[in-house]
Amino acid sequence: MNNRKLYTINTVAEFHKICGLPKPQHPLVSLVDYSLVDYQIEESEISWVQNLYFIGFKRDIQGKLHYGQSPYDFDEGLMSFIAPRQVVKMIISKQDVKPSGFLLAFHPDFIWKTPLAKTIQEYDFFGYEVNEALFLSQREEETMLELFKGIEKEYQAGIDQFTQPIIVSQIAVILNYCERFYQRQFVSRKKSNHHILEKFELVLEEYFTGNLLDKGLPTANFIANELHISTNYLGSLLKSLTGKSTQYHIQEKLLEKAKEKLSSSSLTVSEIAFELGFEHSQSFSKFFKMKTALSPLAFRNSFN
(Lines give C-alpha, C1' and ligand atoms only; values in the text may rest on other atoms or scores of the structure.)
Protein backbone atom coordinates (compact mmCIF):
# COMPACT_ATOMS: atom_id res chain seq x y z
CA MET A 1 0.00 0.00 0.00
CA ASN A 2 1.27 3.48 -0.87
CA ASN A 3 1.16 5.65 2.24
CA ARG A 4 2.99 8.62 0.77
CA LYS A 5 1.48 11.91 1.80
CA LEU A 6 -0.46 13.91 -0.77
CA TYR A 7 0.26 17.58 -0.17
CA THR A 8 -2.29 20.24 -0.95
CA ILE A 9 -1.01 23.65 -2.01
CA ASN A 10 -3.70 26.31 -1.79
CA THR A 11 -1.66 29.51 -1.90
CA VAL A 12 1.49 30.95 -3.40
CA ALA A 13 2.86 31.32 0.15
CA GLU A 14 2.37 27.58 0.81
CA PHE A 15 4.21 26.76 -2.40
CA HIS A 16 7.11 29.02 -1.38
CA LYS A 17 7.25 27.31 2.02
CA ILE A 18 7.44 23.78 0.59
CA CYS A 19 10.15 24.99 -1.81
CA GLY A 20 12.21 26.48 1.03
CA LEU A 21 11.82 30.01 -0.33
CA PRO A 22 11.16 33.32 1.46
CA LYS A 23 7.60 34.63 1.62
CA PRO A 24 6.37 35.81 -1.78
CA GLN A 25 6.44 39.51 -2.59
CA HIS A 26 2.91 39.31 -3.96
CA PRO A 27 0.26 37.07 -2.30
CA LEU A 28 -1.27 35.84 -5.57
CA VAL A 29 1.56 35.65 -8.11
CA SER A 30 5.23 34.73 -8.00
CA LEU A 31 8.12 33.89 -10.30
CA VAL A 32 10.11 31.05 -8.70
CA ASP A 33 13.78 30.58 -9.59
CA TYR A 34 14.43 26.83 -9.77
CA SER A 35 18.07 27.28 -8.77
CA LEU A 36 16.88 28.46 -5.34
CA VAL A 37 14.37 25.67 -4.67
CA ASP A 38 15.16 23.36 -1.74
CA TYR A 39 12.16 21.15 -1.01
CA GLN A 40 11.48 21.13 2.74
CA ILE A 41 10.42 17.50 3.04
CA GLU A 42 12.19 14.24 3.82
CA GLU A 43 10.52 12.00 1.24
CA SER A 44 12.24 11.17 -2.03
CA GLU A 45 8.91 11.60 -3.79
CA ILE A 46 6.44 14.46 -3.45
CA SER A 47 2.85 14.28 -4.63
CA TRP A 48 0.69 17.33 -4.52
CA VAL A 49 -2.52 18.81 -5.79
CA GLN A 50 -2.26 22.55 -6.18
CA ASN A 51 -4.98 25.15 -6.46
CA LEU A 52 -2.72 27.36 -8.54
CA TYR A 53 -1.80 27.78 -12.17
CA PHE A 54 1.81 26.82 -12.97
CA ILE A 55 3.66 27.86 -16.12
CA GLY A 56 7.12 26.35 -15.97
CA PHE A 57 10.30 26.78 -17.96
CA LYS A 58 12.82 24.19 -16.80
CA ARG A 59 16.39 23.19 -17.50
CA ASP A 60 18.77 20.63 -15.98
CA ILE A 61 16.10 19.11 -13.73
CA GLN A 62 17.42 15.57 -13.34
CA GLY A 63 14.56 14.34 -11.17
CA LYS A 64 11.53 12.81 -12.83
CA LEU A 65 8.15 14.48 -12.90
CA HIS A 66 4.97 12.39 -13.16
CA TYR A 67 2.01 14.27 -14.50
CA GLY A 68 -1.05 12.08 -14.92
CA GLN A 69 0.41 8.62 -15.57
CA SER A 70 3.47 9.67 -17.58
CA PRO A 71 7.03 10.19 -16.32
CA TYR A 72 9.31 12.74 -17.95
CA ASP A 73 13.03 13.50 -17.73
CA PHE A 74 13.86 17.19 -17.86
CA ASP A 75 17.06 16.93 -19.86
CA GLU A 76 16.15 19.73 -22.28
CA GLY A 77 14.74 23.21 -21.92
CA LEU A 78 11.00 23.02 -22.11
CA MET A 79 7.76 24.49 -20.88
CA SER A 80 4.89 22.75 -19.14
CA PHE A 81 1.50 23.97 -17.96
CA ILE A 82 -0.50 22.79 -14.97
CA ALA A 83 -4.00 23.96 -14.11
CA PRO A 84 -5.55 24.00 -10.62
CA ARG A 85 -6.68 20.70 -9.06
CA GLN A 86 -4.29 18.53 -11.07
CA VAL A 87 -2.10 16.00 -9.25
CA VAL A 88 1.67 16.22 -9.72
CA LYS A 89 4.32 13.82 -8.43
CA MET A 90 7.99 14.78 -8.27
CA ILE A 91 10.69 12.17 -7.72
CA ILE A 92 13.62 14.05 -6.20
CA SER A 93 17.14 12.87 -7.00
CA LYS A 94 20.51 14.12 -5.88
CA GLN A 95 22.22 15.91 -8.71
CA ASP A 96 25.50 17.57 -9.47
CA VAL A 97 24.03 20.01 -11.99
CA LYS A 98 22.05 22.80 -10.37
CA PRO A 99 18.56 23.03 -11.91
CA SER A 100 17.70 26.26 -13.64
CA GLY A 101 14.66 27.94 -15.09
CA PHE A 102 11.57 29.56 -13.69
CA LEU A 103 8.07 28.70 -12.60
CA LEU A 104 5.33 31.29 -12.79
CA ALA A 105 2.70 30.50 -10.16
CA PHE A 106 -0.54 32.43 -9.84
CA HIS A 107 -3.78 31.90 -7.98
CA PRO A 108 -7.09 31.79 -9.90
CA ASP A 109 -8.26 34.74 -7.77
CA PHE A 110 -5.56 36.86 -9.39
CA ILE A 111 -7.30 36.68 -12.78
CA TRP A 112 -10.86 36.67 -11.39
CA LYS A 113 -13.20 39.13 -13.15
CA THR A 114 -10.64 39.75 -15.92
CA PRO A 115 -11.02 38.68 -19.57
CA LEU A 116 -8.27 36.08 -18.99
CA ALA A 117 -10.47 34.25 -16.44
CA LYS A 118 -12.69 33.18 -19.35
CA THR A 119 -10.14 32.77 -22.13
CA ILE A 120 -7.63 30.74 -20.10
CA GLN A 121 -9.99 27.77 -20.49
CA GLU A 122 -9.40 27.93 -24.23
CA TYR A 123 -5.68 27.12 -23.96
CA ASP A 124 -5.73 23.36 -24.44
CA PHE A 125 -2.11 22.93 -23.36
CA PHE A 126 -3.15 23.20 -19.70
CA GLY A 127 -4.63 19.75 -20.34
CA TYR A 128 -1.57 18.27 -22.06
CA GLU A 129 0.42 15.55 -20.34
CA VAL A 130 3.96 16.44 -19.30
CA ASN A 131 5.45 14.34 -22.12
CA GLU A 132 3.64 16.69 -24.51
CA ALA A 133 5.52 19.68 -23.12
CA LEU A 134 6.65 22.57 -25.27
CA PHE A 135 10.25 22.53 -26.53
CA LEU A 136 11.70 25.96 -27.20
CA SER A 137 14.28 27.28 -29.62
CA GLN A 138 16.90 29.64 -28.24
CA ARG A 139 15.04 32.66 -29.56
CA GLU A 140 11.79 31.42 -28.05
CA GLU A 141 13.55 30.85 -24.71
CA GLU A 142 14.75 34.45 -24.74
CA THR A 143 11.21 35.67 -25.44
CA MET A 144 9.77 33.67 -22.55
CA LEU A 145 12.45 34.68 -20.08
CA GLU A 146 11.98 38.34 -20.95
CA LEU A 147 8.23 38.05 -20.32
CA PHE A 148 8.73 36.16 -17.05
CA LYS A 149 11.21 38.70 -15.77
CA GLY A 150 8.85 41.50 -16.78
CA ILE A 151 6.20 40.08 -14.45
CA GLU A 152 8.71 39.76 -11.62
CA LYS A 153 9.90 43.32 -12.16
CA GLU A 154 6.32 44.60 -12.04
CA TYR A 155 5.38 43.12 -8.65
CA GLN A 156 8.81 43.91 -7.18
CA ALA A 157 8.27 47.59 -7.99
CA GLY A 158 5.42 47.73 -5.48
CA ILE A 159 1.74 46.81 -5.56
CA ASP A 160 -0.82 49.40 -6.60
CA GLN A 161 -4.09 49.51 -8.56
CA PHE A 162 -2.25 48.96 -11.85
CA THR A 163 -0.23 45.90 -10.79
CA GLN A 164 -2.91 43.30 -11.40
CA PRO A 165 -4.11 44.43 -14.87
CA ILE A 166 -0.53 44.85 -16.08
CA ILE A 167 0.57 41.39 -14.91
CA VAL A 168 -2.63 39.74 -16.14
CA SER A 169 -2.02 41.24 -19.58
CA GLN A 170 1.57 39.94 -19.48
CA ILE A 171 0.34 36.43 -18.61
CA ALA A 172 -2.06 36.61 -21.56
CA VAL A 173 0.86 37.51 -23.84
CA ILE A 174 2.84 34.51 -22.53
CA LEU A 175 -0.07 32.17 -23.25
CA ASN A 176 -0.54 33.56 -26.75
CA TYR A 177 3.16 33.08 -27.50
CA CYS A 178 2.94 29.51 -26.21
CA GLU A 179 -0.03 28.86 -28.48
CA ARG A 180 2.12 30.05 -31.40
CA PHE A 181 5.10 27.96 -30.29
CA TYR A 182 2.96 24.83 -30.00
CA GLN A 183 1.74 25.33 -33.55
CA ARG A 184 5.37 25.62 -34.62
CA GLN A 185 6.16 22.42 -32.72
CA PHE A 186 3.38 20.52 -34.49
CA VAL A 187 4.91 21.57 -37.82
CA SER A 188 8.59 21.08 -36.92
CA ARG A 189 7.94 17.62 -35.48
CA LYS A 190 5.90 16.62 -38.50
CA LYS A 191 7.40 13.14 -38.88
CA SER A 192 6.53 11.95 -35.38
CA ASN A 193 3.15 13.68 -35.52
CA HIS A 194 2.24 12.00 -38.80
CA HIS A 195 3.16 8.70 -37.18
CA ILE A 196 0.56 9.47 -34.50
CA LEU A 197 -1.93 10.29 -37.26
CA GLU A 198 -1.28 6.92 -38.91
CA LYS A 199 -1.80 5.12 -35.59
CA PHE A 200 -4.98 7.16 -35.09
CA GLU A 201 -6.36 5.80 -38.37
CA LEU A 202 -5.40 2.24 -37.40
CA VAL A 203 -7.12 2.55 -34.00
CA LEU A 204 -10.28 3.83 -35.69
CA GLU A 205 -10.23 1.11 -38.33
CA GLU A 206 -9.77 -1.63 -35.74
CA TYR A 207 -12.51 -0.21 -33.54
CA PHE A 208 -15.02 -0.12 -36.39
CA THR A 209 -14.28 -3.73 -37.32
CA GLY A 210 -17.14 -5.84 -36.01
CA ASN A 211 -20.36 -4.95 -34.25
CA LEU A 212 -20.49 -1.68 -32.31
CA LEU A 213 -23.84 -2.33 -30.65
CA ASP A 214 -22.33 -3.37 -27.31
CA LYS A 215 -19.39 -0.96 -27.18
CA GLY A 216 -20.95 2.07 -28.86
CA LEU A 217 -19.09 4.70 -30.88
CA PRO A 218 -15.45 5.43 -29.97
CA THR A 219 -14.78 8.54 -27.90
CA ALA A 220 -11.91 10.98 -28.23
CA ASN A 221 -10.79 9.92 -24.75
CA PHE A 222 -10.67 6.23 -25.75
CA ILE A 223 -8.60 6.94 -28.86
CA ALA A 224 -6.20 9.24 -26.97
CA ASN A 225 -5.65 6.52 -24.36
CA GLU A 226 -4.90 4.00 -27.11
CA LEU A 227 -2.31 6.42 -28.53
CA HIS A 228 -0.87 7.19 -25.05
CA ILE A 229 -1.45 10.91 -25.40
CA SER A 230 -3.93 13.27 -23.76
CA THR A 231 -7.32 14.05 -25.31
CA ASN A 232 -6.46 17.74 -25.57
CA TYR A 233 -3.16 17.04 -27.32
CA LEU A 234 -4.85 14.70 -29.80
CA GLY A 235 -7.43 17.38 -30.61
CA SER A 236 -4.79 20.06 -31.05
CA LEU A 237 -2.62 17.80 -33.19
CA LEU A 238 -5.46 16.80 -35.51
CA LYS A 239 -6.57 20.41 -35.79
CA SER A 240 -3.03 21.43 -36.74
CA LEU A 241 -2.45 18.61 -39.25
CA THR A 242 -5.90 18.32 -40.80
CA GLY A 243 -7.86 21.38 -39.73
CA LYS A 244 -10.54 19.08 -38.29
CA SER A 245 -11.50 17.97 -34.77
CA THR A 246 -11.25 14.45 -33.32
CA GLN A 247 -15.03 14.17 -33.38
CA TYR A 248 -15.07 15.06 -37.08
CA HIS A 249 -12.65 12.24 -37.89
CA ILE A 250 -14.68 9.75 -35.85
CA GLN A 251 -17.85 10.74 -37.70
CA GLU A 252 -16.09 10.52 -41.07
CA LYS A 253 -14.95 6.98 -40.30
CA LEU A 254 -18.50 6.14 -39.20
CA LEU A 255 -19.87 7.56 -42.46
CA GLU A 256 -17.31 5.61 -44.47
CA LYS A 257 -18.37 2.34 -42.81
CA ALA A 258 -22.05 3.19 -43.30
CA LYS A 259 -21.55 3.80 -47.03
CA GLU A 260 -19.57 0.59 -47.31
CA LYS A 261 -22.33 -1.49 -45.71
CA LEU A 262 -25.12 0.22 -47.65
CA SER A 263 -23.41 -0.26 -50.99
CA SER A 264 -21.99 -3.77 -50.57
CA SER A 265 -24.24 -5.71 -48.18
CA SER A 266 -27.85 -6.88 -48.04
CA LEU A 267 -28.31 -5.76 -44.43
CA THR A 268 -31.35 -3.62 -43.73
CA VAL A 269 -30.91 0.00 -42.69
CA SER A 270 -31.92 -0.96 -39.15
CA GLU A 271 -29.36 -3.78 -39.02
CA ILE A 272 -26.63 -1.45 -40.27
CA ALA A 273 -27.62 1.18 -37.73
CA PHE A 274 -27.34 -1.31 -34.86
CA GLU A 275 -24.01 -2.69 -36.12
CA LEU A 276 -22.63 0.84 -36.16
CA GLY A 277 -23.64 1.47 -32.56
CA PHE A 278 -26.89 3.39 -33.01
CA GLU A 279 -29.66 2.40 -30.61
CA HIS A 280 -32.33 3.66 -33.01
CA SER A 281 -32.34 3.45 -36.81
CA GLN A 282 -33.93 6.91 -36.95
CA SER A 283 -30.82 8.40 -35.33
CA PHE A 284 -28.63 6.68 -37.93
CA SER A 285 -30.82 7.95 -40.80
CA LYS A 286 -30.70 11.49 -39.41
CA PHE A 287 -26.90 11.34 -39.07
CA PHE A 288 -26.48 9.93 -42.61
CA LYS A 289 -28.74 12.52 -44.22
CA MET A 290 -27.02 15.35 -42.35
CA LYS A 291 -23.67 14.19 -43.77
CA THR A 292 -24.72 13.31 -47.33
CA ALA A 293 -28.05 15.08 -47.96
CA LEU A 294 -29.41 11.61 -48.83
CA SER A 295 -31.33 9.08 -46.79
CA PRO A 296 -29.62 5.68 -46.36
CA LEU A 297 -32.15 4.08 -48.74
CA ALA A 298 -31.68 6.80 -51.36
CA PHE A 299 -27.92 6.29 -51.17
CA ARG A 300 -28.32 2.51 -51.54
CA ASN A 301 -30.69 2.90 -54.49
CA SER A 302 -28.17 5.08 -56.30
CA PHE A 303 -26.03 1.94 -56.70
CA ASN A 304 -28.84 -0.07 -58.32
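The values are calculated or read from the model by the stated rules, or taken from the named source; none is laboratory data. Just so it is clear, the structure is predicted and the values come from calculations on it, not from any experiment. For neighbour counting, all protein chains shown are included, and Cβ atoms are generated from backbone atoms with ideal geometry for every residue, glycine included. Just so you know, the surface numbers come from the protein's heavy atoms only, side chains and all, with ligands and any DNA or RNA stripped out. Shrake-Rupley method; radii C 1.70, N 1.55, O 1.52, S 1.80 Å.
What the table below lists for this structure:
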{"read-out": "Rounded tilt (10° steps) of 163-188 against the dominant C-alpha axis of the chain", "value": "50"}
{"read-out": "Of V49, L234, Q164, farthest towards positive along the dipole that unit charges on Lys, Arg, Asp, Glu beta carbons give the chain", "value": "L234"}
{"read-out": "Surface share of carbon and sulfur [accessible, 1.4 angstrom probe, percent] for the chain", "value": "51"}
{"read-out": "Cα lying deepest toward the dipole's positive end in the chain, options V87, N176, A13, charges on Cβ", "value": "N176"}
{"read-out": "Most fluctuating residue given options Q50, Q40, Q25, as computed from a GNM of the chain linking Cα atoms under 10 Å", "value": "Q40"}
{"read-out": "Among beta bridges that DSSP assigns inside the chain, antiparallel share in %, nearest 5", "value": "90"}
{"read-out": "Debye, to nearest 20: dipole size of the chain, +1 on Lys, Arg Cβ, -1 on Asp, Glu Cβ", "value": "700"}
{"read-out": "Whole-angstrom Cα spans of the chain along principal axes, big to small", "value": "78, 47, 33"}
{"read-out": "S169 accessible area, 1.4 Å probe, all protein chains in place, Å² to nearest 10", "value": "60"}
{"read-out": "Max mean-square fluctuation residue, GNM over the chain, Cα-Cα springs under 10 Å, options I41, I174, I223", "value": "I41"}
{"read-out": "Of G243, N225, F299, farthest towards positive along the dipole that unit charges on Lys, Arg, Asp, Glu beta carbons give segment 190-304", "value": "G243"}
{"read-out": "Residues whose placed amide H lies under 5 Å from that of I9, excluding near-sequence neighbours", "value": "V49, Q50, N51"}
{"read-out": "Kirkwood hydrodynamic radius of segment 146-304, from inverse mean 1/r over distinct Cα pairs, in Å", "value": "19.1"}
{"read-out": "Surface/4 of the Cα convex hull for segment 216-278, nm²", "value": "4.7"}
{"read-out": "Accessible area, probe 1.4 Å, largest first, for residues S264, S283", "value": "S264, S283"}
{"read-out": "Per residue value of the accessible surface for segment 163-264 (all protein chains in place, 1.4 Å probe), Å²", "value": "51"}
{"read-out": "Cα centroid of segment 1-46 to Cα centroid of segment 226-304, whole Å", "value": "49"}
{"read-out": "Most fluctuating residue given options M79, M144, M290, as computed from a GNM of the chain linking Cα atoms under 10 Å", "value": "M290"}
{"read-out": "Rounded accessible area of R184 (nearest 10 Å², 1.4 Å probe)", "value": "80"}
